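Report on the structure given below.
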Amino acid sequence: DSGVTQTPKHLITATGQRVTLRCSPRSGDLSVYWYQQSLDQGLQFLIQYYNGEERAKGNILERFSAQQFPDLHSELNLSSLELGDSALYFCASTPTPASTDTQYFGPGTRLTVL
Amino acid sequence: AQSVTQPDIHITVSEGASLELRCNYSYGATPYLFWYVQSPGQGLQLLLKYFSGDTLVQGIKGFEAEFKRSQSSFNLRKPSVHWSDAAEYFCAVGSQGAQKLVFGQGTRLTINP
(Lines give C-alpha, C1' and ligand atoms only; values in the text may rest on other atoms or scores of the structure.)
Protein backbone atom coordinates (compact mmCIF):
# COMPACT_ATOMS: atom_id res chain seq x y z
CA ASP A 1 0.00 0.00 0.00
CA SER A 2 1.58 3.26 -1.20
CA GLY A 3 -0.58 5.51 0.97
CA VAL A 4 -2.13 7.18 -2.07
CA THR A 5 -5.85 6.59 -2.35
CA GLN A 6 -8.02 6.95 -5.43
CA THR A 7 -11.78 6.78 -5.78
CA PRO A 8 -13.71 5.28 -7.36
CA LYS A 9 -11.91 2.08 -8.36
CA HIS A 10 -14.10 1.57 -11.38
CA LEU A 11 -16.30 3.92 -13.34
CA ILE A 12 -18.56 3.04 -16.25
CA THR A 13 -20.24 5.83 -18.12
CA ALA A 14 -21.52 6.82 -21.54
CA THR A 15 -20.08 8.99 -24.27
CA GLY A 16 -20.71 12.68 -23.77
CA GLN A 17 -20.85 12.41 -20.00
CA ARG A 18 -18.65 14.06 -17.37
CA VAL A 19 -16.89 12.30 -14.51
CA THR A 20 -14.69 13.29 -11.58
CA LEU A 21 -11.83 11.18 -10.30
CA ARG A 22 -10.49 11.79 -6.83
CA CYS A 23 -7.01 11.36 -5.37
CA SER A 24 -5.74 11.73 -1.82
CA PRO A 25 -1.95 11.94 -1.60
CA ARG A 26 0.23 10.31 1.02
CA SER A 27 0.22 12.07 4.36
CA GLY A 28 2.61 15.01 4.15
CA ASP A 29 2.94 15.00 0.36
CA LEU A 30 2.26 18.36 -1.26
CA SER A 31 2.59 17.43 -4.92
CA VAL A 32 0.14 15.37 -6.96
CA TYR A 33 0.56 13.98 -10.46
CA TRP A 34 -2.03 12.49 -12.82
CA TYR A 35 -1.21 9.85 -15.45
CA GLN A 36 -3.32 8.05 -18.03
CA GLN A 37 -2.59 4.45 -18.98
CA SER A 38 -4.23 3.24 -22.18
CA LEU A 39 -3.50 0.41 -24.59
CA ASP A 40 -2.82 2.89 -27.40
CA GLN A 41 -0.67 5.46 -25.65
CA GLY A 42 0.81 3.58 -22.71
CA LEU A 43 1.46 5.56 -19.54
CA GLN A 44 1.31 9.29 -20.17
CA PHE A 45 1.75 12.21 -17.83
CA LEU A 46 -1.23 14.53 -17.73
CA ILE A 47 -0.68 17.23 -15.12
CA GLN A 48 1.03 18.05 -11.83
CA TYR A 49 -0.01 20.21 -8.90
CA TYR A 50 2.04 21.44 -6.01
CA ASN A 51 0.42 22.93 -2.94
CA GLY A 52 -2.67 23.94 -4.87
CA GLU A 53 -0.94 25.40 -7.90
CA GLU A 54 -0.53 23.86 -11.34
CA ARG A 55 3.14 23.02 -11.78
CA ALA A 56 3.52 21.13 -15.03
CA LYS A 57 1.29 20.09 -17.88
CA GLY A 58 1.64 17.13 -20.22
CA ASN A 59 -0.60 15.62 -22.85
CA ILE A 60 -3.83 16.68 -21.22
CA LEU A 61 -6.81 17.30 -23.46
CA GLU A 62 -8.78 20.54 -23.21
CA ARG A 63 -11.81 18.46 -22.18
CA PHE A 64 -9.88 17.44 -19.09
CA SER A 65 -9.15 19.65 -16.11
CA ALA A 66 -7.78 19.17 -12.63
CA GLN A 67 -7.37 21.00 -9.38
CA GLN A 68 -5.79 20.53 -6.00
CA PHE A 69 -7.72 21.64 -2.96
CA PRO A 70 -6.48 23.23 0.29
CA ASP A 71 -6.57 19.83 2.01
CA LEU A 72 -4.24 18.67 -0.80
CA HIS A 73 -6.56 16.15 -2.36
CA SER A 74 -6.90 16.45 -6.11
CA GLU A 75 -9.65 15.88 -8.60
CA LEU A 76 -9.40 15.14 -12.31
CA ASN A 77 -12.48 16.17 -14.28
CA LEU A 78 -13.12 14.54 -17.65
CA SER A 79 -15.93 15.94 -19.78
CA SER A 80 -17.56 15.23 -23.15
CA LEU A 81 -16.23 11.72 -22.79
CA GLU A 82 -15.29 9.71 -25.85
CA LEU A 83 -14.70 6.00 -26.28
CA GLY A 84 -10.97 6.69 -26.50
CA ASP A 85 -10.94 8.11 -23.00
CA SER A 86 -11.38 4.62 -21.60
CA ALA A 87 -8.21 4.02 -19.61
CA LEU A 88 -6.67 3.54 -16.22
CA TYR A 89 -6.04 6.87 -14.51
CA PHE A 90 -3.31 6.98 -11.91
CA CYS A 91 -2.51 9.55 -9.31
CA ALA A 92 0.94 9.80 -7.74
CA SER A 93 2.29 12.01 -4.98
CA THR A 94 5.61 13.34 -3.71
CA PRO A 95 6.59 15.45 -0.71
CA THR A 96 8.01 18.26 -2.84
CA PRO A 97 8.11 19.08 -6.55
CA ALA A 98 11.74 17.96 -6.77
CA SER A 99 12.34 15.57 -9.61
CA THR A 100 14.47 13.40 -7.32
CA ASP A 101 11.45 12.62 -5.14
CA THR A 102 10.04 9.14 -5.66
CA GLN A 103 6.53 9.22 -7.08
CA TYR A 104 4.23 6.94 -5.11
CA PHE A 105 1.31 5.71 -7.18
CA GLY A 106 -2.23 4.99 -6.17
CA PRO A 107 -4.11 1.88 -7.35
CA GLY A 108 -5.80 3.78 -10.16
CA THR A 109 -9.33 4.40 -11.38
CA ARG A 110 -10.46 2.32 -14.34
CA LEU A 111 -12.73 4.36 -16.57
CA THR A 112 -14.87 2.63 -19.16
CA VAL A 113 -16.75 4.79 -21.65
CA LEU A 114 -19.53 2.98 -23.51
CA ALA B 1 12.40 15.40 -25.86
CA GLN B 2 12.84 12.48 -23.55
CA SER B 3 11.83 9.01 -24.68
CA VAL B 4 12.14 5.47 -23.40
CA THR B 5 12.18 2.25 -25.39
CA GLN B 6 11.57 -1.16 -23.93
CA PRO B 7 12.28 -3.45 -26.87
CA ASP B 8 10.64 -6.55 -25.39
CA ILE B 9 6.86 -6.46 -25.09
CA HIS B 10 6.65 -9.89 -23.48
CA ILE B 11 9.26 -12.14 -21.91
CA THR B 12 8.82 -15.64 -20.52
CA VAL B 13 11.37 -17.20 -18.19
CA SER B 14 11.40 -20.27 -16.01
CA GLU B 15 11.25 -19.97 -12.26
CA GLY B 16 14.77 -19.84 -10.88
CA ALA B 17 16.27 -18.55 -14.13
CA SER B 18 18.01 -15.22 -14.45
CA LEU B 19 16.26 -12.21 -15.91
CA GLU B 20 17.28 -9.14 -17.84
CA LEU B 21 14.77 -6.54 -19.03
CA ARG B 22 16.07 -3.98 -21.48
CA CYS B 23 15.55 -0.25 -21.39
CA ASN B 24 17.01 2.39 -23.69
CA TYR B 25 16.44 6.07 -23.17
CA SER B 26 16.91 9.19 -25.18
CA TYR B 27 17.78 12.38 -23.36
CA GLY B 28 20.41 15.03 -23.93
CA ALA B 29 21.41 15.73 -20.35
CA THR B 30 21.89 13.48 -17.36
CA PRO B 31 18.73 11.43 -16.97
CA TYR B 32 17.04 10.28 -13.82
CA LEU B 33 16.07 6.66 -14.40
CA PHE B 34 13.48 4.48 -12.71
CA TRP B 35 12.08 0.98 -12.86
CA TYR B 36 8.52 0.40 -11.69
CA VAL B 37 6.54 -2.83 -11.43
CA GLN B 38 2.79 -3.15 -11.91
CA SER B 39 1.03 -6.28 -10.71
CA PRO B 40 -2.45 -7.03 -12.08
CA GLY B 41 -5.01 -4.64 -10.63
CA GLN B 42 -2.35 -2.73 -8.73
CA GLY B 43 -0.67 0.62 -9.03
CA LEU B 44 2.98 1.06 -9.87
CA GLN B 45 5.62 0.25 -7.27
CA LEU B 46 9.14 1.64 -7.48
CA LEU B 47 11.83 -1.05 -7.74
CA LEU B 48 14.86 1.21 -7.97
CA LYS B 49 16.10 4.54 -9.23
CA TYR B 50 19.29 6.15 -10.49
CA PHE B 51 20.23 9.80 -10.26
CA SER B 52 24.01 9.82 -10.09
CA GLY B 53 26.99 8.04 -8.57
CA ASP B 54 27.48 4.29 -8.65
CA THR B 55 26.08 3.04 -11.95
CA LEU B 56 24.97 -0.27 -10.44
CA VAL B 57 21.83 0.30 -8.42
CA GLN B 58 20.28 -2.15 -6.00
CA GLY B 59 16.54 -2.20 -5.52
CA ILE B 60 13.83 -4.06 -3.70
CA LYS B 61 12.87 -7.71 -4.22
CA GLY B 62 16.41 -8.64 -5.30
CA PHE B 63 16.44 -6.49 -8.45
CA GLU B 64 19.36 -4.44 -9.68
CA ALA B 65 19.95 -2.21 -12.69
CA GLU B 66 23.03 -0.85 -14.38
CA PHE B 67 23.26 2.59 -15.98
CA LYS B 68 25.43 2.60 -19.10
CA ARG B 69 25.74 6.09 -20.49
CA SER B 70 27.63 4.96 -23.60
CA GLN B 71 24.74 2.68 -24.54
CA SER B 72 21.93 4.92 -23.22
CA SER B 73 20.68 1.89 -21.35
CA PHE B 74 19.36 1.06 -17.91
CA ASN B 75 18.69 -2.67 -17.93
CA LEU B 76 16.99 -4.42 -15.04
CA ARG B 77 18.34 -7.72 -13.77
CA LYS B 78 17.52 -10.41 -11.26
CA PRO B 79 19.70 -13.51 -10.75
CA SER B 80 16.82 -15.89 -9.96
CA VAL B 81 13.15 -15.11 -10.59
CA HIS B 82 10.25 -16.24 -8.45
CA TRP B 83 6.68 -16.92 -9.59
CA SER B 84 5.62 -13.78 -7.74
CA ASP B 85 7.75 -11.66 -10.09
CA ALA B 86 5.20 -12.14 -12.86
CA ALA B 87 4.01 -8.61 -13.61
CA GLU B 88 4.47 -5.70 -16.00
CA TYR B 89 7.69 -3.74 -15.72
CA PHE B 90 8.08 -0.13 -16.73
CA CYS B 91 11.24 1.87 -17.26
CA ALA B 92 10.89 5.64 -16.89
CA VAL B 93 13.07 8.68 -17.36
CA GLY B 94 12.92 12.03 -15.61
CA SER B 95 15.31 14.91 -15.33
CA GLN B 96 16.36 17.74 -13.11
CA GLY B 97 13.76 20.46 -13.26
CA ALA B 98 11.18 18.30 -15.01
CA GLN B 99 8.81 16.64 -12.63
CA LYS B 100 7.01 14.38 -15.06
CA LEU B 101 8.13 10.87 -15.79
CA VAL B 102 8.24 9.53 -19.34
CA PHE B 103 7.49 5.83 -19.37
CA GLY B 104 8.37 3.06 -21.78
CA GLN B 105 5.65 0.83 -23.16
CA GLY B 106 6.32 -1.83 -20.56
CA THR B 107 7.51 -5.45 -20.62
CA ARG B 108 5.15 -8.17 -19.47
CA LEU B 109 6.98 -10.91 -17.60
CA THR B 110 5.56 -14.43 -17.44
CA ILE B 111 7.13 -17.06 -15.21
CA ASN B 112 6.98 -20.74 -16.16
CA PRO B 113 6.86 -23.14 -13.19
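General observations
- GNM flexibility winner over chain B from B:84, B:14, B:39 (Cα, springs under 10 Å): B:84
- Cα→Cβ-extended label distance, 7 Å offset, between residue A:65 and residue A:98, nm: 3.4 nm
- Shielding by partners - mean other protein chain Cβ count within 10 Å, residues of A:85-95: 1
- Taking the C-alpha atoms of chain B, convex hull volume expressed per residue in Å³: 97 Å³
- Ligands, DNA and RNA left out, the accessible area of chain A computed with a 1.4 Å probe is 47% carbon and sulfur.
- Highest-first arrangement of B:7-13, A:58-64, where packing means the average Cβ count within 10 Å: A:58-64, B:7-13
- Residues in the stretch B:25-47 reached by a label modelled at residue B:60 [backbone nitrogen below 17 Å; 7 Å Cα→Cβ]: B:34-47
- Nearest-10 value in Å² for the accessible area of residue A:7, using the 1.4 Å probe: 70 Å²
- Computed from the alpha carbon atoms alone, the convex hull of the protein assembly as shown holds 120 Å³ per residue.
- Peptide A:98-108 has a mean shielding of 5, counted as Cβ atoms of other protein chains within 10 Å of each residue's Cβ.
- The mean accessible area for residues of the protein assembly as shown, using a 1.4 Å probe and ignoring ligands and nucleic acids, is 47 Å² per residue.
- Amide H contacts under 5 Å for residue A:99, placed H, 5+ residues apart: B:97
- Here the Karplus relation 6.51 cos²θ - 1.76 cosθ + 1.60, evaluated at θ = phi - 60°, turns the backbone of the stretch A:7-23 into coupling constants of 9, x, 6, 10, 9, 10, 8, 10, 4, x, 7, 10, 9, 10, 9, 10, 9 Hz, with x for every Gly and Pro.
- Residue B:45-residue A:41 pseudo-label distance in nm [points 7 Å out on the Cα-to-Cβ vector]: 2.8 nm
The values are calculated or read from the model by the stated rules, or taken from the named source; none is laboratory data. For clarity, every value in this text was computed on a predicted model and none was experimentally measured. As a convention, Cβ positions derive from the backbone with ideal geometry for all residues, glycine included, and neighbour counts pool all protein chains shown. Note: accessible area is taken over every heavy atom of the protein model, side chains too, but ligands, DNA and RNA are not part of it. Shrake-Rupley method; radii C 1.70, N 1.55, O 1.52, S 1.80 Å.
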